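Worksheet: one structure, shown below.
The values are calculated or read from the model by the stated rules, or taken from the named source; none is laboratory data. For clarity, every value in this text was computed on a predicted model and none was experimentally measured. FYI the Cβ positions are ideal-geometry reconstructions off the backbone, even for glycines, and counts take in every protein chain you see.
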Amino acid sequence: MKENDTPSSRPVTIADFKNARQEGRRIAMITAYDTPSARLADSAGVDAILVGDSIGRNVLGMPDELPVTMDDMVRATQSVVRGTKRAMVIADMPFGSYQCGEDEAVTNAVRLVKEGGAHAVKLEGAGRVIDVIERLVDAGIPVMGHVGFTPQSVHALGGPRVQGRDRETAQNVLDGARRLQSAGAFAVVLELVPISLAGLITNSISIPTIGIGSGPACDGQVQIWHDVLGLSEHLYRHVRRYADLNTIIREALSNYVLDVSSAQFPTHEHAVRIEHTVLEGLDADERYPDNKRSEPLDEGGPSDD
Ligand code: KIV
């Protein structure tokens, strides 16, 4: 879906996902975790923003997604929603928030919608979680599924690995996607699935497939903010870098440090002046007049504020 496919005043809905699939338009999704990033993604025309639990690795300095809490996700979702006018905001349910029983899962998903402002939630897997997904859909919460490599199962899967290389695991991934569709999911993320399997799944279900590391046969793509903008350290095979912000930001900050340490910034134009007479009336005691600033604090020009 491109920006002009839906009026800029009209938010993207799950109906737009369905239409995009039927009309053969690709769905562009990206993660974001805060308001300024969401504002940029939204104005660039992305169809959906995923408030991923990848916030753990990319923003919170955690080793993986597992320690991310519901409070982390609610706060990040609120921030993203504040920066978004058109894109659909999908919030990840973090590890532990939907595995401990259906009632607790519904309560947590409701929090993401009610407190966070999410338009939909995403859950990983297609086993026992199917019952939870049915309950959520029944409660009126749109659900995006996620199969293939599921980061919350990183230890069980033996690391971030392509899923579906052999017949048994390929069948599992395919069956999982089908179960998600039957449970009422409106779309499914295929992460690290071989290209041909992703194509087979896409042709076997009617809901849109959103790939990451799964090749060009999917109906849409989701990428991590930090990866595509060059803010992560590692360049993964499935990433195309559209900018090298690490370099740009580091250079900018080095220049800032240089300017501050050499007294090139701030200058008088970055602050406000007052009349000398204001200071004359103050009860002050200049005990430390030997500081090394080269210029007087105030030239005594006209007040500009
Ligand atoms: O948390 C996340 O960013 C995700 C994407 C990898 C799909 O789940």
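If I filter the range 124-133 for residues that are surrounded by fewer than 20 Cβ atoms within 10 Å (Cβ to Cβ), closer than 17 Å to D53 by Cβ and within 22 Å of the chain's Cα centre (by Cα), do I get at least one hit?
No: zero hits.
Among the residues that make up the range 224-246, is at least one of them in contact with a His (Cβ under 6 Å, 6 or more places away or on another chain) and of a type in the set (S, T, N, Q)?
Yes, some residue in the range 224-246 is in contact with a His (Cβ under 6 Å, 6 or more places away or on another chain) and of a type in the set (S, T, N, Q).
Give the residue, chosen from M93, M144, M62, that is over 14 Å from the mean Cα position of the chain (by Cα), surrounded by 19 or more Cβ atoms within 10 Å (Cβ to Cβ) and closer than 29 Å to E233 by Cβ.
M144
Here are some conditions: (1) among the hydroxyl-bearing types (S, T, Y); (2) free of Cβ contacts under 8 Å to residues at least 40 places away in the same chain; (3) within 26 Å of V89 (Cα to Cα). S214 meets all but one. Which one does it not meet?
(2)
Is there any pair with a first residue in the range 118-132 that is farther than 16 Å from G184 by Cβ and a second that is part of a loop (DSSP other than H, G, I, E, B) and within 14 Å of the ligand (Cβ to nearest atom) whose Cβ atoms are under 6 Å apart and which are 6 or more apart or on different chains, and what are they?
Short answer, once both residue conditions are applied: E124/T150.
Taking the range 178-232, which residues are within 11 Å of the ligand (Cβ to nearest atom), polar (S, T, N, Q) and either more than 25 Å from D64 (Cα to Cα) or in a loop (DSSP other than H, G, I, E, B) (or both)?
Passing the criteria: only S214.
Among the candidates H226, H268, which residue alone is more than 30 Å from V188 (Cβ to Cβ) and touching a residue at least 12 places away in the same chain (Cβ under 8 Å)?
The conditions single out H268.
Against the conditions (1) over 18 Å from G117 (Cα atoms); (2) surrounded by 15 or more Cβ atoms within 10 Å (Cβ to Cβ); (3) at pLDDT 95 or above, where does A15 fall short? Just the number, please.
Evaluating A15 over (1) over 18 Å from G117 (Cα atoms); (2) surrounded by 15 or more Cβ atoms within 10 Å (Cβ to Cβ); (3) at pLDDT 95 or above leaves (2) as the failure.
Got a number for residues in the range 14-64 being aromatic (F, W, Y) and over 15 Å from I210 (Cα atoms)?
Counting residues in the range 14-64 that are aromatic (F, W, Y) and over 15 Å from I210 (Cα atoms) gives 1.
Might you let me know whether the range 149-157 holds any residue that is of a type in the set (S, T, Y) and without any contact (Cβ under 8 Å) to a residue 12 or more places away in the chain?
no
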